[in-house]
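The values are calculated or read from the model by the stated rules, or taken from the named source; none is laboratory data. Here the structure is a predicted model, which means the values were calculated and not measured. Cβ sites come from the backbone with ideal geometry, for glycine too, and all protein chains shown count toward neighbours. SASA here: full protein model, heavy atoms, side chains in, ligands and nucleic acids out. Shrake-Rupley method; radii C 1.70, N 1.55, O 1.52, S 1.80 Å.
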Amino acid sequence: MRAITLISTTLWAVTGCSGPTVVNTDEPRPTDPADTVATPELPPVNNTHLANAFDYVAHPNDQAAYYFTTPSGRWQCAILPRVMAGCQSARGALGIADAPDTVPDGAGGEATPNAIVIEPAGDSHFAVLDQPGFTMVGGPANDLPFNRTLIVARFRCNVQEETGVSCLSEESGKGFTFSADGYLPQYTEVPVDAP
């Protein structure tokens with residue numbers, strides 16, 4: 001019995017100390033390539049006042065899209081997943097103090113803008129959208145109440161009585177805030193303590 005214990009201890013010591021052979025060639029140690037895609041810094045956001053996205057979904061051309069109007073009914077807005085978010089006037093002309101008179105249209109010319117847009121990448125901008133644009137066909141879309149945030153497919157939009165409509169691309173960290181009084185190329189979050 002003592003011989004078996006001595007053999008077992010010896011085998012354990014030999015096998016416990018053995019392992020793969022390490023060869024040092026003085027070459028630098030290989031490293032994994034670093035992730036070179038920088039994550040954008042998002043403005044402060046909160047998820048305190050979320051709207052139920054199910055209340056805003058429609059399926060034009062068998063694709064989900066999320067439409068809303070402002071409580072005043074003046075603006076028609078939408079989040080088109082993975083494509084864009086934005087708003088247009090329900091009355092035709094934008095009527096925003098800081099809006100440009102013309103912007104490039106899809107035909108290589110200039111036209112009066114009828115929408116404000118944020119895409120997954122890039123800055124927010126005024127644009128010319130073909131009809132229906134951000135208007136829900138067969139609508140009207142439901143109102144997005146003041147101080148509620150609709151979040152869909154890395155876009156978020158809200159409506160606030162003091163600041164107006166605001167939308168953000170969570171991919172780029174860029175967005176817009178606008179009202180009839182003006183336009184800012186940045187997102188404005190609903191305050192946590194908003195009613």
Worksheet, complete the sentence: Given the candidates ALA93, GLY164, ALA51, the one whose Cα lies deepest towards the positive end of the charge dipole of the stretch 45-164, counting +1 at each Lys or Arg C-beta and -1 at each Asp or Glu C-beta, is ALA51
Practice prompt. Please give the solvent-accessible surface of GLU161 in Å², to the nearest 10, using a probe radius of 1.4 Å with every protein chain present.
Written response: 130
Discussion item. Just to confirm the filter: which trypsin sites (Lys or Arg not before Pro) across the stretch 145-195 are DSSP coil and have at most 12 other Cβ within 10 angstrom of their Cβ?
Written reply: none
Discussion item. Could you report the accessible area of VAL45 in Å², rounded to 10, computed with a 1.4 Å probe on the protein chains as they sit in the structure?
Written reply: 60
Worksheet item: If amide H atoms are built 1.01 Å from N in the plane of the peptide, which residues on other chains or at least 5 residues away come under 5 Å of the amide H of ALA111?
Response: VAL103, ASP105
Worksheet item: Based on Cα positions only, what radius of gyration and what Dmax would you give for the stretch 59-195, in angstroms?
Response: 13.9, 46
